[in-house]
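Heads up: the structure comes next, in structure tokens.
The values are calculated or read from the model by the stated rules, or taken from the named source; none is laboratory data. Everything numeric here is computed off the predicted structure, so don't read it as measured data. Neighbour counts are summed over all protein chains in view; Cβ atoms, including those assigned to glycine, are modelled from backbone coordinates with ideal geometry. For the accessible areas, the whole protein counts, side chains as well, though only heavy atoms, and no ligand, DNA or RNA atoms are used. Shrake-Rupley method; radii C 1.70, N 1.55, O 1.52, S 1.80 Å.
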Amino acid sequence: MTDSSDVTPLLISEATEADLFRTYEKYTATTNVKAWKVLDILSKVLEQYNIQDAVTDLGYIKHTLGRFAKAYTSSNAELKTKMDVIAARAEKVLDSDAAEVLVQKKKQAQKKYVYQAKLQTDVYQDKTYISGKARLGKRQGSPSVKAPNGQPKRGRRLNPADFAHMTVSQQIHRLCIAYSTNTECNRLNLSENDFFPKRFAKIIDQLQKSLAKPLRFALKTKEQAYLLQLSNCKNLGDVESLIKSIPLVTGSGIEKFLFLALSKLTVLWQSSQLYTTDHNEGWYQIHVYGDVLDCIFLSDGQYQTKRTECHASAIKYLKKMRKVGSAEKEVKVDLLLFNNQYGDLFACEDKPASTPDNSVKADIKKSQKLSEKRLMHIQSVLPYNSLISKIEVLSAQFHGLELTVHGARMTNDGDFVHYEKCKAAVPANSNGHFSETAIFLATVISLQRSILLELEKLEVMCEVAYADAIQYLESTPDAQKLQYREDTPDSTASSSKSTHGSNDDWRPIVREQRIVEAATRRLKEIDFGEDVLTAENWEDIICAKS
């Protein structure tokens, strides 16, 4: 039964308590409890209602959200506990600068909407007036446009409007056709500066966000405390005190890494060796990279670390499956993380500080091609090819003391997209650079966690397929995955006709839908872990401040 109370009011001040309760209830019912946030609740309210007076409206939201939380009941203890947390932090979060920014953005959007509505009305009136005048005179045909050389002008150029209503995969495919950097027209490199026209700035920015381009900082509370203490150090004596407070024997793998990295950097800073830019690659690998990057991978048994001119396994696997030709060259890299089931998880290339930029760019292109091969190999071990779009492969490039992290993805259309995730550098000296050192160490820790997160995604997708096989008593999808060579042109038509007609044709289709949907649901639940803080835990961080 509906009545006038079911009509959504335009202004927050016009909404009844019951109206806002429905918004809160819908949010909690449709959002995973681990993702509940006060700012997200505010965003949902601002989606449905307009602002009149910011202070009054925020006060009304605080009041109604507090009453909703107090009245909230659930047999699920986790839901009730989380709602108590929301109630406890609501006032502090809604009084924060972040809430003010959301409100101001909403007010700007309201003004823009009013302006555009008036503009459309004015334009319509102008067009009506002009068309009325045009009827009085004879329309003149426009002459054909010629290019400067006298030839007909080329077809219409690609414009941002062409991307309206496209999926991310479709946008990447369209950009690949126009701006691909390889002969197959399936490689999009978003890390190139001054490459794309300015008119695509908004499209590229949205693509980068959807691809999770920036590396997410992911630190446990204790690790964050160590790095904050490092940022506040005034001299090497303070750093020494910090190092002594980090447990080496009983500490976690990350704590061992921080102990070793800071100890080595202290020695390097005292020696002034990092000022010298003519060290060769071997010097950097032995004295710098091994301690500030490699050693973070030593405490995890899920992969094996390979160092210095090691062969990437992806090419070997693809040759066995005849996905690449036998003439495909093997690729050597400086650092590899290898997993027995899924192959290469991460690759890093090293170049000394004296290396010319052209050589560094050549290394990056080599890494991009290897990332594509890694994605092709991963796709072959997944239950279904369409799941490859859920995976990101990571790689890195050391150039002297600067570390650049790159990411790559493959769409279901077979297009590859490459992008730069972040840069961080080891300071050459300790004078006032401890905060920069903390950023570098946070980057390396977060990189290691991101690699493990991608490995967990692979394991979950395969586990979903195995569980489905048991539940429905069918063989696993990989058991049915035969590798085929390409058809000859004459045989394509006849072979496509011979695959239809079985009464059980529906089974593989339904099964793929079932497994892909189940895997997608499981992947949404995967993150760094409840004890790991990221930027998404902003509310936890500000509410933890004394």
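Results, tabulated for the structure shown:
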| item | result |
| --- | --- |
| Any hit, the stretch 469-479, residues being open to solvent by less than 70 Å² (accessible area, probe 1.4 Å), modelled with pLDDT under 90, of a type in the set (A, V, I, L, M) and over 30 Å from G253 (Cβ atoms) | no |
| Condition met for E456 (acidic (D, E), surrounded by fewer than 21 Cβ atoms within 10 Å (Cβ to Cβ) and part of a helix (DSSP H, G or I)) | yes |
| Breaking point among (1) loosely packed, with under 14 Cβ neighbours inside 10 Å; (2) touching a residue at least 60 places away in the same chain (Cβ under 8 Å); (3) assigned to a helix (DSSP H, G or I), for A314 | (1) |
| Hey, L370 touching a Leu at 6+ places or on another chain (Cβ under 7 Å) and either buried (at least 16 other Cβ atoms within 10 Å of the Cβ) or not in a strand (DSSP E or B) (or both) or not | no |
| One residue from L441, L458, L447 being within 19 Å of the chain's Cα centre (by Cα) and under 19 Å from G253 (Cα atoms) | L447 |
| Filter pass, L335 being buried (at least 21 other Cβ atoms within 10 Å of the Cβ), outside any loop (DSSP other than H, G, I, E, B) and not acidic (D, E) | yes |
| Set R521, R485: member being exposed (fewer than 13 other Cβ atoms within 10 Å of the Cβ), modelled with pLDDT of 55 or more and farther than 30 Å from S450 by Cβ | R485 |
| Any hit, the stretch 12-23, residues being under 21 Å from E539 (Cα atoms) and surrounded by 13 or more Cβ atoms within 10 Å (Cβ to Cβ) | yes |
| Single residue of A90, A99 found to be at pLDDT 90 or above, in a helix (DSSP H, G or I), within 28 Å of A18 (Cα to Cα) and open to solvent by less than 90 Å² (accessible area, probe 1.4 Å) | A90 |
| Exclusive hit being of a type in the set (K, R), free of Cβ contacts under 8 Å to residues at least 60 places away in the same chain and open to solvent by 70 Å² or more (accessible area, probe 1.4 Å), set K202, K306 | K202 |
| Helices (runs of 4 or more DSSP H) within the stretch 206-310 that include 2 or more residues closer than 27 Å to D540 by Cβ | 221-231, 236-245, 253-271 |
| Failed item in (1) open to solvent by 40 Å² or more (accessible area, probe 1.4 Å); (2) under 30 Å from T276 (Cβ atoms), with D350 passing the rest | (1) |
| Count of residues meeting criterion [open to solvent by less than 40 Å² (accessible area, probe 1.4 Å) and either touching a residue at least 60 places away in the same chain (Cβ under 8 Å) or not in a helix (DSSP H, G or I) (or both)] in the stretch 25-34 | 1 |
| Residue in the stretch 385-444 that is modelled with the highest pLDDT, counting only those that are among the aromatic types (F, W, Y) and under 26 Å from K222 (Cα atoms) | F440 |
| Pairs with Cβ under 7 Å, 6+ apart, first in the stretch 330-343 and touching a residue at least 24 places away in the same chain (Cβ under 8 Å), second open to solvent by less than 10 Å² (accessible area, probe 1.4 Å) and part of a loop (DSSP other than H, G, I, E, B) | V331/A312; V333/A312; L336/A312 |
| Close pairs (7 angstrom Cβ cut-off, 6 or more residues apart or separate chains): under 18 Å from C185 (Cα atoms) in the stretch 363-383, of a type in the set (G, A, S) and in a helix (DSSP H, G or I) anywhere | L370/A314; K373/A314 |
